[in-house]
Amino acid sequence: MARITAGVGCSHVPAIGVAMDTGITDQPYWQPVFEGFKKSREWMKEQKADVVFLVYNDHCTAFDASCIPTFALGCAAEFKPADEGWGARPVPVVKNHQKLASHIAQSVILDEFDLTIMNEMEVDHGLTVPLSVMFGDVPEDGDWPALVIPLCVNVVQYPAPTGNRCYNLGKAIRRAIDSFDEDLNVVIFGTGGMSHQLQYKRAGLINAEWDARFMDMVVNDPIAASQIPHLEYLREAGSEGVEMVMWHVMRGALDEDVTEVHRHYHVPASNTAVGHIILENKA
Amino acid sequence: MEKDYEDIPGTFVFDADRSREGYHLNQFCISLRKQENRATFKVNEDTYLDQYPMTYEQRAAVKDRNWNRLLELGGNIYYTSKLAANDGINFQNLAGLMTGMGVEAYREMMVNGGRSIDGNRSKSEWRDE
């Protein structure tokens with residue numbers, strides 16, 4: 001049977017991708033950002049994940065303002081890295097486990113989560129940067145070490161789905177994966193954040209104390225974390241900090257009790273606090 | 001509907017009302033994601049802008065690259081950043097411009113831990129809001 005063994009929380013700052021693509025990760029500005037992912041890359045190798053279920057948001061790349069699905073599941077055979085206005089990232093095409101994706105769509109919709117199904121979709125930095133930080137450099141003509149099922153969450157137009165909704169969707173995804181009849185090791189990523197505001201006069205907001213508390217809650221009291229109202233993210237963690245609702249999908253898909261095996265936090269990467277956590281199911 | 005988030009200073013929460021107001025502006029901006037569109041826009045901005053029925057004010061803000069005005073008129077940062085990218089301005093430098101701090105001072109603030117939350121939670125804490 002397929003099973004979810006671990007979860008990864010991770011920022012997806014575009015500048016981190018640019019730093020890797022241009023080979024400047026050793027520069028003093030970037031070195032501490034990547035230092036915190038050294039252990040993660042070793043861990044990722046040991047996991048030998050067959051599939052990464054990757055929760056992220058599209059930044060007006062696959063979806064412009066004409067269509068804004070709250071939850072969109074990638075069911076295509078593959079997903080090309082998109083040109084976001086400065087050329088596509090030189091990373092491999094992302095390949096899906098299409099059978100598992102279709103199974104999840106069917107199971108989760110009957111579980112009353114009305115997903116949008118994407119049979120064609122380009123993916124932006126929200127998806128490729130977490131793969132890059134966790135897997136390290138992979139040549140453009142190579143293959144990512146795991147298949148990837150993308151789940152896109154709207155966090156651009158207010159309101160994003162509530163933390164509670166995200167947490168419960170995580171549980172439905174868990175039920176779907178648990179009932180898939182193929183022996184697969186699945187690791188789930190919840191991406192975005194930490195505190196950041198990209199826009200207008202309050203741009204540059206960082207709230208390290210709030211971020212630390214958020215990570216503690218996600219680990220130890222996930223239900224309370226899932227109840228944080230949108231206003232608190234917007235006010236305390238910046239207008240773009242509301243991305244962190246996506247971490248609850250990841251946490252909802254894990255056991256109630258988890259082991260925190262790694263945590264990393266650094267300010268800044270461009271405008272953003274970088275936060276990262278690895279959680280393992282105990283069983 | 002009560003908009004409790006309107007009390008946050010120096011911030012536009014991109015809700016359904018703003019999305020409606022900014023629709024054509026944002027659709028213009030996002031079109032610049034593609035290289036062929038960036039090339040056409042470069043040749044003649046006015047002709048290109050004619051395709052998008054935005055308001056006079058929105059169009060003027062595009063022409064002036066008035067980044068804050070674009071947000072005031074319903075633009076969203078993930079869209080307006082495509083116009084900035086077209087001009088060779090990345091997210092961090094765009095923030096330097098929007099905050100009025102300038103690129104260097106803004107970068108310095110971020111390296112030193114970013115803008116503190118203290119004094120930046122409510123409009124009541126900002127004199128000019």
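Readers should treat all values here as calculations from the given coordinates under stated rules, not as data from a laboratory. Being a predicted model, the structure only gives us computed values, none of them experimental. Heads up, the Cβs are rebuilt from the backbone with ideal geometry, glycines too, and the neighbour counts pull from every protein chain shown.
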Given R₀ = 45 Å, what would the calculated FRET efficiency be for residue A:141 paired with residue A:178, taking r from the Cβ atoms and rounding to 0.05? 0.80
In a shell of Cβ-Cβ distance under 11 Å around residue B:119, excluding residue B:119 itself, what net charge do Lys and Arg (+1) and Asp and Glu (-1) give? +2
Shielding of A:205-214 by partners, i.e. mean partner chain Cβ atoms within 10 Å per residue? 3
So for chain B, using the alpha carbon gyration tensor with a ≥ b ≥ c as root eigenvalues (a/c under 1.5 gives rounded; past that, a/b versus b/c decides prolate or oblate), I'd call it oblate
With a ≥ b ≥ c the root eigenvalues of the C-alpha gyration tensor of the range A:1-67, is it rounded (a/c under 1.5), prolate (a/b larger than b/c) or oblate? oblate
Chain A: C-alpha gyration tensor shape, a/c 1.5 cut-off, then a/b vs b/c: rounded
Highest-first arrangement of A:219-227, B:81-89, where packing means the average Cβ count within 10 Å: B:81-89, A:219-227
Simple spin-label model, 7 Å along Cα-to-Cβ: residue A:212 to residue A:77 in nm? 5.0
What angle, in degrees between 0 and 90 and rounded to the nearest 10, separates the Cα long axis of helix B:77-86 from the longest principal axis of the Cα atoms of chain B? 50
If Lys and Arg each add +1 and Asp and Glu each add -1, what is the summed charge of the other residues whose beta carbon sits under 11 Å from the beta carbon of residue A:207? -1
Among B:45-52, A:241-248, A:40-47, how do they line up by average Cβ neighbours within 10 Å per residue, starting with the highest? A:241-248, A:40-47, B:45-52
List the relative contact order of chain B as a percent without decimals, with contacts defined as Cα pairs under 8 Å and 6+ residues apart. 30
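Is there a simple number for the mean count of other chain Cβ atoms within 10 Å of the Cβ of residues in A:28-40, and what is it?
For this peptide, the per-residue mean of nearby foreign Cβ atoms is 0.
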What residues of the range A:55-89 lie in the reach of a label at residue A:29, counting those whose backbone N is under 19 Å from a point 7 Å from the Cα along Cα→Cβ? A:86-87
Mean separation of Cα pairs under 8 Å and 6+ residues apart, divided by the residue count of the range A:10-122: what relative contact order is that in percent? 27
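Assuming 0.36 nm per residue, please report the length gained on full extension of the stretch residue B:57 to residue B:39 beyond their Cα-Cα distance.
Going from the current span to full extension adds 4.1 nm.
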By the scheme Lys and Arg +1, Asp and Glu -1, what is the net charge of all other residues having a beta-carbon under 15 Å from that of residue A:119? 0
What nm distance separates the two modelled labels at residue B:66 and residue A:119, each placed 7 Å from Cα along Cα→Cβ? 4.7
Evaluate peptide B:93-99: per residue, the Cβ atoms of other protein chains within 10 Å of its Cβ; return the mean as an integer. 5
For the range A:5-95, what is the charge dipole size about the Cα centre, in debye to the nearest 20, if Lys and Arg each add +1 at the Cβ and Asp and Glu each add -1 at the Cβ? 280
Estimated distance in nm for a label pair at residue A:223 and residue B:124, the labels positioned 7 Å out from Cα along Cα-to-Cβ: 3.4
